[in-house]
Amino acid sequence: MEQGRLLAGLVDRVLATGNPQAERLLAAGVTGGGDVSLENLVGVPMISKADIWDCYPFGLRAVAEEDVVCVHGSSGTGGRPTLIPYTRQDIEIWARVMARALGGAGATRGSTIHNGYGYGLFTGGLGVHHGGMWLGATVVPVSGGMTDRQIRLIQDLRPDVLTCTPSYAIHLGEALKGAGTSLKVGVFGAEPWTEEMRAQIENLLGLKALDIYGLSEIIGPGVACESLDSQGMLNVAEDHFLVEAVDAEGNPVPDGTPGELVFTTLTKTGMPLIRYRTGDVAALADPVPGAKRTLKRMSKLKGRTDDMLVIRGVNVFPTEIEAVLLADERVSPHYLVVEDRRNPARSELRVATEPFSAAVDPEQLTNDLVTALRERLGITCDVRVLTPGSVPRTEVGKARRLARWTEGEPPLLGL
Ligand code: DLL
């Protein structure tokens, strides 16, 4: 099978570098591509973000320095920055998987793509840019922020495709104040978002909202993307990125069961990774039966392993809280989940929300949300319904939906 052949070639390429990833393979007894197959992949050592940090900046690079054409990564809010070197071939692969993702969302050569993802080290802006141009569409490289100018461009250039984070889509939708647009589809990602958030975005912007997933370590956006025909799941670009889902011990979980996603970059050259554990949790599934697309699918992300909250023994992902909050039509899509750890022996969950309108009775809404959260998640949360506008909006970068309160002032006034 094609994936098996690419995998063996990848293992040979990595071994030839002698880099720390190669040393780890050798230590596990892997001396050549012939030692690894799709069937025995589970026995091959995994690699993590900590390993990339340990080799900062480019210790895991697998090509000569002059073959690198650009660098992307994440700025490292949670720690050190992660930098990824790309070769010309990597950029082409990225452009192709992104073009396929945009095409699956209905974009064509005739499309205008309003690209509100940030341009820079972050992969969102340039990933969509490369893919949109590869497809032959017109990309408007607006980047994040300056919302008034974005509204003006949407009205003047009449784009059919919007690409940005789901939280910024909400922000744009609110700034449009009900004015109709030419937008038909949105390709939103880089942050977790639920079906309930999807309904709010579709309602606000009058478009079809699709999910796109990716991470700089693997390539950027386009590792997986929903298409109009993928039935709510994301098609994984398996011809380039081999996917596994594993439990906490690293054992594979069956399709349909959420597990940590592990990717192998079959065709990447600048910084290929074998069994990169992402910390992202989702469930895998086969392609839609009988469909033309033959790629494995993944569910929307439940969250990240490091964002999972343990409240009095109950495990909760912030997305589960979002789903309960936004299922109530009185609640606006602006919220913050706060894990109150001031007493480390007993974490409490506080949830700050806003009603859509000042006409909503805050006391009634508070009681209803406490009940709904208890019924759905089995935990009692301290819900605060704040006045509209209290929860900070994110105009640039990723929305912050989870805060940890360890001491001192609350992360948000009113908690
Ligand atoms: O966020 C790449 C990207 C850009 C994806 C634009 C989609 C759209 P990083 O900055 O390296 O790359 O962050 C990667 O973001 O491990 C997930 O935890 C999270 N993430 C990305 N897409 C989604 C999504 C880009 N659709 C990290 N749903 C990943 C939930 C997502 N979380």
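The values are calculated or read from the model by the stated rules, or taken from the named source; none is laboratory data. Keep in mind it's a predicted model, so treat the numbers as computed, not measured. Neighbour counts run over all protein chains shown; Cβ positions are idealised from the backbone, glycine included. Surface accessibility is based on the protein's heavy atoms, side chains included, excluding ligands, DNA and RNA. Shrake-Rupley method; radii C 1.70, N 1.55, O 1.52, S 1.80 Å.
Here are the numbers for this structure:
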read-out	value
Top of SER111, SER182, SER75 by mean-square fluctuation, Gaussian network on the chain, Cα under 10 Å	SER75
Charge dipole (the chain, unit charges on Cβ, about Cα centre) - positive-most of VAL14, LEU402, VAL71	VAL71
Residue-wise HN-Hα coupling along the stretch 389-398, computed from phi with Karplus coefficients 6.51, -1.76, 1.60 (Hz; x: Gly, Pro)	x, 6, 7, x, 8, 10, 9, 10, x, 8
Where PHE58, PHE241 fall by accessible area, highest first, once all protein chains stay in place (1.4 Å)	PHE58, PHE241
Cut-off under 5 Å, modelled amide H: who pairs with VAL142 long-range	ASN115
Size of the stretch 1-90 as Cα extents on the principal axes (Å, biggest first)	36, 27, 22
Under 5 Å, built H, 5+ apart or other chain: amide partners of GLY303	VAL281
Full-extension gain in nm, GLN89 to ARG109, via 0.36 nm per residue minus C-alpha separation	4.9 nm
Per DSSP, loop trypsin sites (Lys or Arg not before Pro) in the stretch 256-304 with at most 16 further Cβ within 10 Å	LYS292, ARG293
Cα centroid of the stretch 363-393 to Cα centroid of the stretch 256-314, whole Å	30
Rounded percent of accessible protein surface that carbon and sulfur make up, the stretch 86-305, 1.4 Å probe	53
Full-extension gain in nm, GLU195 to ASN367, via 0.36 nm per residue minus C-alpha separation	59.6 nm
The stretch 325-390: C-alpha gyration tensor shape, a/c 1.5 cut-off, then a/b vs b/c	prolate
Charge-dipole axis of the chain as Lys and Arg at +1 and Asp and Glu at -1 on Cβ define it, positive-most pick from PHE58, LEU261, GLY104	GLY104
Isotropic mean projected area of the C-alpha convex hull, the chain (nm²)	20.8
Most mobile of GLY270, GLY104, GLY290 in a GNM of the chain (Cα contacts under 10 Å)	GLY290
Per residue solvent-accessible surface (Å²) - the chain, probe of 1.4 Å	43
Size of electric dipole in the stretch 86-305: Cβ of Lys, Arg +1 and of Asp, Glu -1, about Cα centre, debye, nearest 20	620
Karplus 3J(HN,Hα) series, Hz, for the stretch 49-63 with 6.51 cos²θ - 1.76 cosθ + 1.60 (x for Gly, Pro)	4, 4, 5, 5, 4, 4, 9, 4, x, 10, x, 9, 4, 10, 10
Whole-percent carbon and sulfur share, accessible surface of the stretch 308-405, 1.4 Å	48
Unit charges on C-beta of K, R, D, E only; dipole of the chain, Debye	640
Crossing angle, helix 123-135 versus the chain [Cα axis fit, 0-90 degrees, rounded to tens]	70
Under 23 Å between alpha carbons - lysine pairs in the chain that sit 8 or more apart or on different chains	17
Which of GLU39, GLU174 is most accessible, then next, and so on - probe 1.4 Å	GLU39, GLU174
Label-point separation in nm, ARG341 to GLU66, each point 7 Å along Cα→Cβ	4.9
Simple spin-label estimate for ALA323 and GLN155 in nanometres, 7 Å along Cα-Cβ	3.9
Most positive-pole-ward Cα, SER390, VAL337, LEU369, against dipole of the stretch 308-405 from beta carbon charges	VAL337
Chain lengthening between VAL314 and ALA175 when straightened (0.36 nm per residue, less Cα-Cα)	46.2 nm
Mean separation of Cα contacts under 8 Å (6+ apart) over length of the chain, as relative contact order %	13
Cα gyration tensor, the stretch 226-309 - rounded (a/c under 1.5), prolate or oblate	oblate
Gyration tensor verdict on the stretch 86-305 (Cα atoms; rounded if a/c is under 1.5, prolate if a/b is larger than b/c, oblate otherwise)	prolate
